[in-house]
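Take a look at the structure below.
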Ligand SMILES: Nc1ncnc2c1ncn2[C@@H]1O[C@H](COP(=O)(O)OP(=O)(O)O)[C@@H](O)[C@H]1O
Ligand SMILES: [Mg+2]
């Protein structure tokens, strides 16, 4: 078991009245697995993901339960241990390709940043590795992209750059929060293929989050359905599609346009 | 057409700023007369070829005094804003980025400072330190900190939860790295425009303090001090006050115009 989340609850304490946004969240992931989380927007997917990445502030939020990564509880371990895990073991890519890169820094600089922080490679070695990573995410003309600013790239290109920078230190778990949501369908498909390829070749586990069941079913073996901060259903992708247990899942399934027959 | 107007502002601003800079630089190299040299026969003499701006109540050449006066005023505005900006960025970045209890305390203190007219606050500080050019710089610098801190803080709040900041935190980037390598460069534009406004405020604030006699002390010169001296002879030598006022207006106008066109370029 690489990741085990037990009874995770997340409560905001930055207002007068505490607000719980995630209740009793449970999740297990094996190495190499692709697990999906679906649910309407506001259902707590991102909050759960940020908690797993250790990115929720320890001050404003109270978290109950456990997040065990390789046996270590991310909620109670020291900041130093958390830092070490975050840098090397867990990577994350976000929804908005506009906001997930610093607009004032060149792409190459940003892709290399993790290497700067976690390795003692020289400048040339870092550049070489970054270029290699950019071509791994199937970007063409990598030299030019290396020298570009984020606004000079398309949304799809930016999302690939994000992947490159998240994967450059070879994390074992990638959290992908709505990474295809702002892309058009063909680019979406290409990014999904890319994720699958990485999963096959390097055995990386992926926690894939989307509000769109149609996208999730394409790459996930297992799916969690969330509603109003709770996991309401969990099962294999086939199981879920053939025999949805809750009304909510059925509604989500119904919202998929039936142009093609389901081919799962 | 819109573009044209923008260019006008930019050009006029640049020309005025150029004139002021020229005046200051010329004064640094050599003023026409020693600025402190008094000539009894020239008391309040009018404009002439030898004294293009006339002479003041002690028969000192006004042009020469405007040259060093503009320099003093410029220097005060510069140091004031440097102090305000340095501590403002430090406080704003820390409170905005980390939030929490520390932030609350400092910002309430900030509110208290902002609720007094800045002149009043500077007055209190001067009362503690005594008048003088350096004291004015320090007093005004301190008074300027809260407004910069507030601007920087709100920008840091805007950026601290941006996805790329989260991504760098996930990579294990330190808070300092995020604050000063990632967020601060994005705040540069906002800081620059407020810096120009701050600059103008400092020029006016210096004038007000010198006018009240608690700023730059004679026989030194600053635009504010000269204006307060000229006030006594408004009817006998109106050109004195008008010319000094004109230089001050040029200084302020040039920065306003530059800041305006800068804002328009930034969109
Ligand atoms: N600072 C906050 N204080 C209180 N509630 C918040 C805060 N930030 C987000 N939330 C709430 O948390 C819930 C879950 O949000 P999120 O995890 O982003 O949903 P999803 O990613 O599934 O769309 C939402 O209902 C949102 O309103
Ligand atoms: Mg979300």
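Since every read-out is calculated from the coordinates, none of them should be taken as a lab result. For clarity, every value in this text was computed on a predicted model and none was experimentally measured. With ideal geometry, Cβ positions are generated from the backbone for all residues, glycine too; neighbour counts draw on all protein chains shown.
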Kindly express, to the nearest 10 degrees and within the range 0 to 90, the angle between helix B:2-29's C-alpha long axis and the longest C-alpha principal axis of chain B. 60
With both partners inside chain A, how many of the DSSP beta bridges are antiparallel, as a percent to the nearest 5? 60
Can you sort A:147, B:153 by how many other beta carbons sit within 10 Å, fewest first? A:147, B:153
Among DSSP beta bridges lying fully in the protein assembly as shown, give the percent that are antiparallel, nearest 5. 60
Using the count of nearby Cβ atoms within 10 Å as a rough guide to exposure, how do A:113, A:251, A:234 rank from fewest to most? A:251, A:234, A:113
Over all residues in A:78-89, what is the mean tally of Cβ atoms on other chains that come within 10 Å of each residue's Cβ? 2
Can you give the average number of partner chain beta-carbon atoms within 10 Å of each beta-carbon in peptide A:103-111, as a whole number? 2
Apply the a/c threshold of 1.5 to the C-alpha gyration tensor of the range B:190-244 and tell me whether it is rounded, prolate or oblate. prolate
To test your reading of the geometry: what angle, between 0 and 90 degrees and rounded to tens, separates the Cα axis of helix B:118-129 from the longest principal axis of chain B? 80
Beta bridge orientation in the range A:137-243: antiparallel %, DSSP, nearest 5: 55
Where a label projected 7 Å from the Cα of residue B:157 along Cα→Cβ would reach, residues of the range B:189-212 with amide N under 16 Å: none
Principal axis extents for the protein assembly as shown, Cα atoms only, whole Å, descending order, please. 106, 50, 46
Semi-axes of the equivalent ellipsoid for chain B, Cα gyration tensor, largest first, Å: 41, 22, 14
Please sort A:80-90, A:208-218, B:24-34 by packing, taking for each peptide the average over its residues of neighbouring beta carbons within 10 angstrom, highest first. A:208-218, A:80-90, B:24-34
Once the Cβ-Cβ distance between residue B:234 and residue B:260 is put in as r, and R0 is 41 Å, what FRET efficiency do you end up with, to the nearest 0.05? 0.80
Going by alpha carbons, how many degrees (0 to 90, nearest 10) lie between the helix axis of B:133-160 and the longest principal axis of chain B? 30
Would you kindly work out the equivalent ellipsoid of chain A from its C-alpha gyration tensor and give its semi-axes, the square roots of five times the eigenvalues, largest first in whole Å? 30, 24, 17
As a test of the formula, what do you get for the protein assembly as shown when each DSSP H run with n ≥ 4 contributes -39,500 (n - 2.57) and the sum is divided by the residue count, at 222 nm and rounded to the nearest 500 deg cm²/dmol? -18500 deg cm²/dmol
